[in-house]
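Q: Dumping the structure here so I can ask a few things about it.
The values are calculated or read from the model by the stated rules, or taken from the named source; none is laboratory data. In this text, all values refer to a predicted model and were calculated from it rather than measured experimentally. Quick reminder, even Gly has a Cβ in these numbers, built from the backbone with ideal geometry, and neighbours come from all protein chains shown.
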Amino acid sequence: EAQVTQNPRYLITVTGKKLTVTCSQNMNHEYMSWYRQDPGLGLRQIYYSMNVEVTDKGDVPEGYKVSRKEKRNFPLILESPSPNQTSLYFCASSFLPNTGELFFGEGSRLTVL
Amino acid sequence: GQQVMQIPQYQHVQEGEDFTTYCNSSTTLSNIQWYKQRPGGHPVFLIQLVKSGEVKKQKRLTFQFGEAKKNSSLHITATQTTDVGTYFCAGPRGSQGNLIFGKGTKLSVKP
């Protein structure tokens, strides 16, 4: 089954404690992206990757890091989480970056205290 | 910078009424996509429109892409409670090769 898998689905953490949200896709997609969703603000892009070892900033990259060492994985790293990073995070992938279906993971709800 | 705007932000309808959401881009788009997010769920792709003036139908849903390829609409005929959710449009961000999303229209349907 074609899917994008994110972990963890839910996490409560404290300010400053490094965390990683993993994302893996099994569709051999070249393009992967991270979004955060906040009430009234829609989906805002954090980082995206066109291919292995190619990453670029989206609209709200501050406080986040990513890496793309393998085609299937695109982890999101919060080196020192802060309360303003409390949000719902979605990983997504597609064969091409701007055309064709974008497949989303089920989301990771992160709370930073 | 490039913007994709959606209106309305919220829409409450009685079951059986029609619903329309509108999407406007500040720039010409090569294509536009629509997604639906059910409450507590993740966005799911509905359709992509590519041609100027294109109209596509999926059962009770009708999607249109404007002649100038800067606007689009999604119309639902005779809404049902299963239509509840947030509808997003998205278009390519210039030459950067990624999608920019509108803020979405949240639809609620009263049975």
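Q: If you check A:ASN84, A:ASN28, A:ASN98, A:ASN73, which single one turns out to be within 25 Å of B:VAL50 (Cα to Cα), away from chain B (no Cβ under 14 Å) and polar (S, T, N, Q)?
A: Sole residue among the options that is within 25 Å of B:VAL50 (Cα to Cα), away from chain B (no Cβ under 14 Å) and polar (S, T, N, Q): A:ASN28.
Q: Another question, if that's okay. Of everything in the range A:64-93 that's small (Gly, Ala, Ser) and under 14 Å from A:GLN25 (Cβ atoms), which residue is nearest to the chain's Cα centre (by Cα)?
A: Per the stated criteria, the residue is A:ALA92.
Q: Do we find a residue being polar (S, T, N, Q), assigned to a loop (DSSP other than H, G, I, E, B), within 14 Å of chain B (Cβ to nearest Cβ) and more than 30 Å from B:ILE7 (Cβ to Cβ) anywhere in the range A:2-25?
A: Filtering the range A:2-25 for residues polar (S, T, N, Q) gives A:3, A:5-7, A:13, A:15, A:20, A:22, A:24-25.
Now restrict to residues that are assigned to a loop (DSSP other than H, G, I, E, B): A:3, A:15.
After this cut, where a residue has to be within 14 Å of chain B (Cβ to nearest Cβ) as well, the list is A:3.
Applying the additional criterion that residues be more than 30 Å from B:ILE7 (Cβ to Cβ) yields A:3.
Yes, the range A:2-25 contains a residue that is polar (S, T, N, Q), assigned to a loop (DSSP other than H, G, I, E, B), within 14 Å of chain B (Cβ to nearest Cβ) and more than 30 Å from B:ILE7 (Cβ to Cβ).
Q: Something else now. Where residues in the range B:12-50 are in a strand (DSSP E or B) and within 9 Å of another protein chain (Cβ to nearest Cβ), which of them is farthest from A:LEU96 (Cα to Cα)? Lay out the reasoning, then the answer.
A: In the first step, residues of the range B:12-50 are kept if they are in a strand (DSSP E or B); the result is B:12-14, B:19-25, B:32-37, B:44-49.
Next, from what is left, pick out any that are within 9 Å of another protein chain (Cβ to nearest Cβ): B:33, B:35, B:37, B:44-45, B:48.
Details: B:GLN33: 13, B:TYR35: 17, B:GLN37: 22, B:VAL44: 17, B:PHE45: 14, B:GLN48: 13 Å.
Among those residues, the one meeting the criterion is B:GLN37.
Q: Do the conditions hold for B:THR79, that is, is it within 14 Å of another protein chain (Cβ to nearest Cβ), farther than 20 Å from A:PHE103 by Cβ and buried (at least 18 other Cβ atoms within 10 Å of the Cβ)?
A: no
Q: Next question, about the same structure. Could you tell me whether any residue of the range B:43-50 is over 21 Å from B:ASP83 (Cα atoms), surrounded by 18 or more Cβ atoms within 10 Å (Cβ to Cβ), out of contact with any Leu (no Cβ under 8 Å at 6 or more places or on another chain) and of a type in the set (A, V, I, L, M)?
A: No.
Q: For the subset of the range A:101-113 comprising residues that are surrounded by 16 or more Cβ atoms within 10 Å (Cβ to Cβ), more than 11 Å from A:ARG36 (Cβ to Cβ) and not charged (D, E, K, R), which member is farthest from the other protein chains (Cβ to nearest Cβ)?
A: Within the range A:101-113, the match that is farthest from the other protein chains (Cβ to nearest Cβ) is A:VAL112.
Q: For the range A:94-107, indicate whether the set of residues that are farther than 21 Å from B:ARG93 by Cβ, over 14 Å from the mean Cα position of the chain (by Cα) and modelled with pLDDT of 95 or more is non-empty.
A: No; the residues of the range A:94-107 include none that is farther than 21 Å from B:ARG93 by Cβ, over 14 Å from the mean Cα position of the chain (by Cα) and modelled with pLDDT of 95 or more.
Q: Of the residues that sit in the range A:61-113 and are free of Cβ contacts under 8 Å to residues at least 40 places away in the same chain and charged (D, E, K, R), which one is farthest from A:LEU11 (Cα to Cα)?
A: The residue in question is A:GLU101.
Q: When the residues of the range A:43-62 are filtered to those that are part of a loop (DSSP other than H, G, I, E, B) and within 10 Å of another protein chain (Cβ to nearest Cβ), which remaining residue is surrounded by the fewest Cβ atoms within 10 Å (Cβ to Cβ)?
A: A:ASP59
Q: Hey, any hits in the range B:69-82 for a residue that's small (Gly, Ala, Ser), at pLDDT below 95 and either part of a loop (DSSP other than H, G, I, E, B) or over 11 Å from B:ILE32 (Cβ atoms) (or both)?
A: Looking through the range B:69-82, none of the residues is small (Gly, Ala, Ser), at pLDDT below 95 and either part of a loop (DSSP other than H, G, I, E, B) or over 11 Å from B:ILE32 (Cβ atoms) (or both).
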